[in-house]
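See below for the structure under consideration.
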């Protein structure tokens, strides 16, 4: 059987292959899906990919499935390990972090100000795949970014560096990189002025670097021999589709719960009523990745993150039984064991993503302030990721979380519409959208069901 496009989503625990046809004829069709456990432990992720394609063929009752084109998304390499170094935490460091998270990178370290000896020792222990240097608005402070770039390239000339700071430093930055043979990427300042974030150019470059370094996962080098299109970081693909759906639903957010991480994506300017109380600018599209919240690889972390009430509801032998559940659960009993983990992942990730409303006492009296992400204008919520889409009843936990009132957290309202990506297509549609934008949107809308 031949189809227009196959898209592989290679995750930390599961590998999914989706098949599509009719993409150029104006009538896109989701043909079918195959799934298998990701085979990182076997030293070659292509084995799991082959099994997912075999599962797809069995589902479609054919001998095999071929395609005209083949795209992929991946988080199997654990994301792009990165350290970020800027000037002021509330400004350039924060902007650089937003750009990195939105691209699928995993932030291992963030610093503000001049790097010291112990900072350099920590970076050496982390061994990031890329280092990001920011700092100073355009036309502003220059010395901190230059100092940090000089120290980093002196100690780690083998690590690529992305410079996204004060544009006045570019001549010196390029000269230092050239003298030391450092692989340098340059993009626009992530914080060009005091009141403006500019994360998208850096985000696109980090995505490109991710593709160049995706071969870090065991067996990923062979993926390039098969894929005819780009390989996109799975979180970046979900973010891209979330941004595209903003034009359909307005302010929205996406929960993506997987075996290793829980990501939340939101596209909103927040409530107009609260905008005056914002203490710092927020990006229009924002992603947070919680590397300690996952229903398989990070189960022990999730259990520790449970509230006392959540933990008291567990059966006495819960953890012993949970340890027997495989990457892909096979019966209702195993699914029931995973649902408490899903709820904790969603609750904890939302708490970290959302901002808070607080009071401050100033010389002018008591004032309300908003710190962080205001989600009160969100009216559409999408549930995606293996844990939410493949476990019956999992998406209902989002409604349960929002039904509990919070005095200070800026959560979406209880009446927000929750939609399930019931075909599990969001990442695939995100990577498809560059080549087939109309088809990607239609397929994604066809996959959404009100929970």
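The values are calculated or read from the model by the stated rules, or taken from the named source; none is laboratory data. Since this is a predicted model, take the numbers as computed values, not measurements. Cβ placement follows ideal geometry from the backbone for every residue including glycine, while neighbour counts extend to all protein chains displayed.
Can we say residue 308 is surrounded by fewer than 24 Cβ atoms within 10 Å (Cβ to Cβ) and touching a strand residue (DSSP E or B) at 6+ places or on another chain (Cβ under 9 Å)?
Answer is no for this residue.
What are the residues in segment 307-365 that are more than 30 Å from residue 39 (Cβ to Cβ) and in a helix (DSSP H, G or I), if any?
308, 309, 310, 311, 312, 347, 350, 351, 352, 353
Can you say whether residue 52 is within 24 Å of residue 291 (Cα to Cα), assigned to a helix (DSSP H, G or I) and touching a strand residue (DSSP E or B) at 6+ places or on another chain (Cβ under 6 Å), as far as the supplied structure shows? It would help to see each step written out before you state the result.
Working: within 24 Å of residue 291 (Cα to Cα): no; assigned to a helix (DSSP H, G or I): yes; touching a strand residue (DSSP E or B) at 6+ places or on another chain (Cβ under 6 Å): yes.
Against the criterion (within 24 Å of residue 291 (Cα to Cα), assigned to a helix (DSSP H, G or I) and touching a strand residue (DSSP E or B) at 6+ places or on another chain (Cβ under 6 Å)), residue 52 does not qualify.
Right, residue 322: more than 25 Å from the chain's Cα centre (by Cα) and at pLDDT below 90 or not?
On the way: more than 25 Å from the chain's Cα centre (by Cα): yes; at pLDDT below 90: no.
Taking the combined requirement at face value, the residue does not satisfy it.
Could you go through segment 71-86 and let me know if any residue there is free of Cβ contacts under 8 Å to residues at least 40 places away in the same chain and either outside any strand (DSSP E or B) or farther than 25 Å from residue 229 by Cβ (or both).
Among the residues of segment 71-86, not one is free of Cβ contacts under 8 Å to residues at least 40 places away in the same chain and either outside any strand (DSSP E or B) or farther than 25 Å from residue 229 by Cβ (or both), which makes the answer no.
Which strands (runs of 3 or more DSSP E) does segment 92-173 wholly contain that include 3 or more residues that are within 28 Å of residue 73 (Cβ to Cβ) and free of Cβ contacts under 8 Å to residues at least 60 places away in the same chain?
Strands (runs of 3 or more DSSP E) meeting the threshold: 105-112, 161-163.
How many of the residues making up segment 319-344 are farther than 26 Å from residue 40 by Cα and out of contact with any helix residue (DSSP H, G or I) (no Cβ under 7 Å at 6 or more places or on another chain)?
3
What do you reckon, is residue 376 modelled with pLDDT of 90 or more and assigned to a helix (DSSP H, G or I)?
Spelling it out, it is not the case that residue 376 is modelled with pLDDT of 90 or more and assigned to a helix (DSSP H, G or I).
State all residues of segment 157-169 that are surrounded by fewer than 20 Cβ atoms within 10 Å (Cβ to Cβ), out of contact with any strand residue (DSSP E or B) (no Cβ under 6 Å at 6 or more places or on another chain) and closer than 26 Å to residue 236 by Cβ; if no residue qualifies, say none.
158, 167
Report yes if some residue within segment 274-293 is over 20 Å from residue 96 (Cβ atoms), buried (at least 23 other Cβ atoms within 10 Å of the Cβ) and touching a residue at least 60 places away in the same chain (Cβ under 8 Å); otherwise report no.
For segment 274-293, residues over 20 Å from residue 96 (Cβ atoms), buried (at least 23 other Cβ atoms within 10 Å of the Cβ) and touching a residue at least 60 places away in the same chain (Cβ under 8 Å): absent.
Just checking, how many residues over segment 18-28 are without any contact (Cβ under 8 Å) to a residue 40 or more places away in the chain and either within 24 Å of the chain's Cα centre (by Cα) or closer than 25 Å to residue 74 by Cβ (or both)?
Qualifying residue count, segment 18-28: 1.
Can you name every one of the helices (runs of 4 or more DSSP H) wholly within segment 384-451 that holds 1 or more residues which are modelled with pLDDT under 95, in contact with a strand residue (DSSP E or B) (Cβ under 7 Å, 6 or more places away or on another chain) and closer than 21 Å to residue 354 by Cα?
Of the helices (runs of 4 or more DSSP H) lying wholly inside segment 384-451, those with at least 1 residues that are modelled with pLDDT under 95, in contact with a strand residue (DSSP E or B) (Cβ under 7 Å, 6 or more places away or on another chain) and closer than 21 Å to residue 354 by Cα span 386-389, 396-402.
For residue 143, only one of the following conditions fails: (1) crowded, with 22+ Cβ neighbours inside 10 Å; (2) closer than 16 Å to residue 88 by Cα. What is its number?
(1)
Among the candidates 410, 375, which residue alone is buried (at least 16 other Cβ atoms within 10 Å of the Cβ), farther than 21 Å from residue 237 by Cβ and within 19 Å of the chain's Cα centre (by Cα)?
Values: 410 fails: within 19 Å of the chain's Cα centre (by Cα).
Among 410, 375, only 375 is buried (at least 16 other Cβ atoms within 10 Å of the Cβ), farther than 21 Å from residue 237 by Cβ and within 19 Å of the chain's Cα centre (by Cα).
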